[in-house]
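Below is one structure; the comments refer to it alone.
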Amino acid sequence: MSGDLGPRVAISAAENFVAAHPDVDLTFVGDRSQLQSLIEKSPSLLRSSACIFHAADVVSMGDDPLGALRQKKNSSMWVALERLRTGEVDACVSAGNTGALLAMSRYLIKTFPEIERPAICKSMPVTDGLTYLLDLGANINCSPFHLQQFALMGSVLAEVAGVVAPRVALLNIGSEAQKGTEVLQQAQELLRNDLRINYVGFVESSDIFSGHDHVIVCDGFHGNVALKASEGLARFVAKKISLTLQRNLFNRLLSFIASPVLAQLREELNPSLYNGASFLGLQKTVIKSHGSADSKAFMHALVVAREQVLLRVPEQIARKLGSGN
């Protein structure tokens, strides 16, 4: 019900999602009358086993997270997470207030006993394959121990996605071993001595997209800055290419000739294909969609949720945590 664009986007995404994945049963949580009227316009959802669970309240994008945690227990976000807590559903996907979703998830779903804080993790397009970057904003200040936990969880996510012995790096201002803050130096020592993690050293932000590292770990402040800067750069490059190709007749002709390649490039770099961030460290699957996600992007968040349930990502993290150093 929340997010920048409201339930219409979620319903539209769900329509395409159930067509591609009929093995998934969807539960829509929110105002029954609004949801029912939208679902009735979708033949595929009417034919599916989708159902509605009523919730009278909504967490707005501007709500204080702790205030929402205390005061909005009738909200669609709270009710959806409660369904997840009780096992009525296997995953929860929301485009709503990130801070509120995190606070409610920690309260209702809980982290594993060994994990102090969940981390927001998202796949990033790189030269070859994907790189997982975490934390992306859940934890502004982190201890070396927190960064070690993030590294372990990110490594598990890469492993279940098919990467053998994923290379894990710490984001720093330089790749030299002596660079960085005391926290990063201490985190490096922890990672070097953790046999569960294939730690390869520091990485600079300019190399995030090189594809050399499968998992890049940082605190939430720097991770969020890196993510937003990357998104802004992608929009800038796309705009500059478009303007350049329309500058004169020769460029427009070149654009026509190269249109198949440009179309493929736009598709590969489409942010919608990378929407859906995981709250790693929770005992069940919670996926955060971008608040301004369109239907295609929201559908990808649903795809991420399905994949993580099938791959049993929380269970795999619990198993790795129990294996010790």
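Do we have residue 120 as hydrophobic (A, V, I, L, M, F, W, C), closer than 19 Å to residue 224 by Cβ and surrounded by fewer than 17 Cβ atoms within 10 Å (Cβ to Cβ) here?
no
Among what's in region 1-27 and is of a type in the set (A, V, I, L, M, F, W, C) and not in a helix (DSSP H, G or I), pick the residue that is surrounded by the fewest Cβ atoms within 10 Å (Cβ to Cβ).
5
Starting from residues that are open to solvent by 90 Å² or more (accessible area, probe 1.4 Å) and modelled with pLDDT under 75, keep the ones in region 237-267 and report whichever is farthest from residue 290 (Cα to Cα).
Ranking the candidates gives 256 first.
Output the qualifying pairs, or none if there are none: Cβ atoms under 6 angstrom, residues six or more apart or on different chains, first residue in region 121-136 and more than 14 Å from residue 147 (Cβ to Cβ), second residue of a type in the set (Phe, Trp, Tyr) and not in a strand (DSSP E or B).
Filtered contacts from region 121-136: 123/274; 126/209.
Read through the list (1) of a type outside the set (Ser, Thr, Tyr); (2) within 17 Å of the chain's Cα centre (by Cα); (3) within 18 Å of residue 220 (Cα to Cα), then give the number of the only condition that residue 130 fails.
So the condition that residue 130 fails would be (3).
Residue under question is residue 56, and the condition is that it be of a type in the set (Gly, Ala, Ser) and touching a Lys or Arg at 6+ places or on another chain (Cβ under 8 Å); does it hold?
The answer is no for residue 56.
Looking only at residues in region 37-83 that are open to solvent by less than 20 Å² (accessible area, probe 1.4 Å) and in a loop (DSSP other than H, G, I, E, B), which one is nearest to residue 8 (Cα to Cα)?
Only one residue fits best here, namely 42.
Could you list, in sequence order, the residues of region 100-126 that are in a strand (DSSP E or B) and within 17 Å of residue 304 (Cβ to Cβ)?
119, 120, 121, 122, 123, 124, 125
Quickly run through region 157-174 and pick out the residues that are in a loop (DSSP other than H, G, I, E, B) and either at pLDDT 95 or above or open to solvent by less than 70 Å² (accessible area, probe 1.4 Å) (or both).
If the condition is that a residue be in a loop (DSSP other than H, G, I, E, B) and either at pLDDT 95 or above or open to solvent by less than 70 Å² (accessible area, probe 1.4 Å) (or both), then 161, 162, 163, 165, 166, 172, 174 are the ones that fit.
Quick one: in region 84-110, which of the residues that are among the hydroxyl-bearing types (Ser, Thr, Tyr) and open to solvent by 30 Å² or more (accessible area, probe 1.4 Å) is farthest from the chain's Cα centre (by Cα)?
Taking the candidates together, the pick is 86.
What number of residues within region 175-207 are more than 22 Å from the chain's Cα centre (by Cα) and either part of a helix (DSSP H, G or I) or under 19 Å from residue 226 (Cβ atoms) (or both)?
So the count comes out to 18.
With respect to residue 127, determine if the residue is of a type in the set (Ser, Thr, Tyr) and at pLDDT 95 or above.
no
Could you grab me the full set of residues in region 283-313 that are of a type in the set (S, T, N, Q), open to solvent by less than 70 Å² (accessible area, probe 1.4 Å), over 13 Å from the mean Cα position of the chain (by Cα) and within 19 Å of residue 101 (Cα to Cα)?
Passing the criteria: only 292.
Counting only residues that are surrounded by fewer than 17 Cβ atoms within 10 Å (Cβ to Cβ) and among the polar types (S, T, N, Q), which one in region 140-156 is modelled with the lowest pLDDT?
So the residue we want is 141.
Which numbered condition trips up residue 135, out of (1) surrounded by fewer than 24 Cβ atoms within 10 Å (Cβ to Cβ); (2) closer than 16 Å to residue 281 by Cα?
In the conditions (1) surrounded by fewer than 24 Cβ atoms within 10 Å (Cβ to Cβ); (2) closer than 16 Å to residue 281 by Cα, residue 135 misses (1) alone.
The values are calculated or read from the model by the stated rules, or taken from the named source; none is laboratory data. Given the structure is predicted, the values throughout are model-derived calculations rather than measurements. Note that we place each Cβ from the backbone using ideal geometry, even for glycine, and neighbour counts take in every protein chain shown. Note: areas computed on protein heavy atoms with side chains; ligands, DNA, RNA excluded. Shrake-Rupley method; radii C 1.70, N 1.55, O 1.52, S 1.80 Å.
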